[in-house]
Amino acid sequence: MTTHDATIEEALAALRRGEAIGLPTETVYGLAADAGNPVAVRRVFDLKGRPADHPLIVHIAGPEAMDAWAREVPDGARALARAFWPGPLTLILRRQPHVPDEVTGGQDTVGLRCPDHPLALELLRAFGGGLAAPSANRFGHLSPTSAAHVRAEFAEAVPVVLDGGECRVGIESTIVDLSGKTPRILRPGMLGREVIEAVIGPVAEGPAGDSPRASGTLEAHYAPRTPLLLLPREALRVEAEQQQTLGKRVQALVLDMLPEGLPGLALPADPAAYAHGLYAALRELDARGANLLLAERPPAHPDWLAIHDRLRRSAAGSVAGDST
Ligand code: TXA
Ligand code: MG
């Protein structure tokens, strides 16, 4: 079977057969399956090559569907859903007993999100249930932000991909855990802490000792194949020259404009525009056959927090000059 742009009807039929499909959202593309069907969810883990104890986000059509999946929905969770759904925000809540262990990784919690994408919302409304969907990349790879990325990742293994164009946000949703005493941001996203605190008051940030597993918290996640170093602009130029003198092929990812003579790509010095282009840029640089990627460290400002997080993970596990 060859891949083509699937229709909503084809996507629905595939989901009802227990298959996984490529789903556009405003953050990144998901690999979606019926969250109520454990066999279908296991297929998603197989396709991704992801450890089975990593929980998946359940995508739902709106706040009114929260109670079908969560047995306890604190006021703060309802307020956040009202304020930011559909949108790039995932809420971790205590799960209903019927939610398959395959979805929750066997935990007592479930992650819920209503994506802000017209095709995803149309599909969810027609489907009626929830869609368990991790990002549509193989485990540890970069997340896809276009239908072409999903096809490149899975080809015939996932024949049904809904093409919803380029993802507007470009990096994964902000995850807020509301299952404990204090709300906590488990994974930063472009929906920042300030706007969340404006709705529910103070939130903690970063992993707590007893917090649930989030694979987004593993280092060496979201990694290009080529080793990546994160450096301030001046150090980047010096490093590039030294590596080139050693005969290494270097590609740079810089803010604003590429300095003359430095091969690579530039992304806008604006956090929203940068996030939108980040994964596609890393994919393109990765495909250029370099020995080393050098990324300019963005400004140390809260608006760039989620981008720092993804760049740091992309660089984790890389050793300069390591690859040939
Ligand atoms: O923007 C997004 O969130 C995208 C799109 C497709 O919605 N999805 C995404 O899924 O990034 P994934 O599986 O790549 O990352 C989901 C994260 C993981 O870090 C997972 O561990 C965490 O959400 N997660 C899901 N359910 C959880 C739970 N019950 N407790 C703690 N973390 C959970
Ligand atoms: Mg992912």
Inset, instruction - Kindly rank 142-152, 6-16 from highest to lowest mean number of other beta carbons found within 10 Å of each residue. - result: 142-152, 6-16
Legend entry - Highest average packing first - 65-78, 272-285, Cβ atoms within 10 Å: 272-285, 65-78
Inset, instruction - Calculate the length of the line joining the C-alpha centroid of the stretch 145-172 to that of the stretch 27-51, in whole Å. - result: 14
Inset, instruction - For Ala316, enumerate residues with amide H under 5 Å from its amide H, sequence gap 5+ or separate chain, H modeled in the peptide plane. - result: Ala220
Legend entry - For Thr226, Thr174, order by how many other beta-carbon atoms lie within 10 Å, fewest first: Thr226, Thr174
Legend entry - Per-residue ³J(HN,Hα) for the stretch 49-61, Karplus 6.51 cos²θ - 1.76 cosθ + 1.60, θ = phi - 60°, Hz, x for Gly and Pro: x, 9, x, 5, 8, 8, x, 10, 7, 8, 8, 10, 7
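Every number here is computed from the coordinates shown, using simple stated rules; none is lab data. Note that this is a predicted model, so its numbers are computed, not measured. For neighbour counting, all protein chains shown are included, and Cβ atoms are generated from backbone atoms with ideal geometry for every residue, glycine included.
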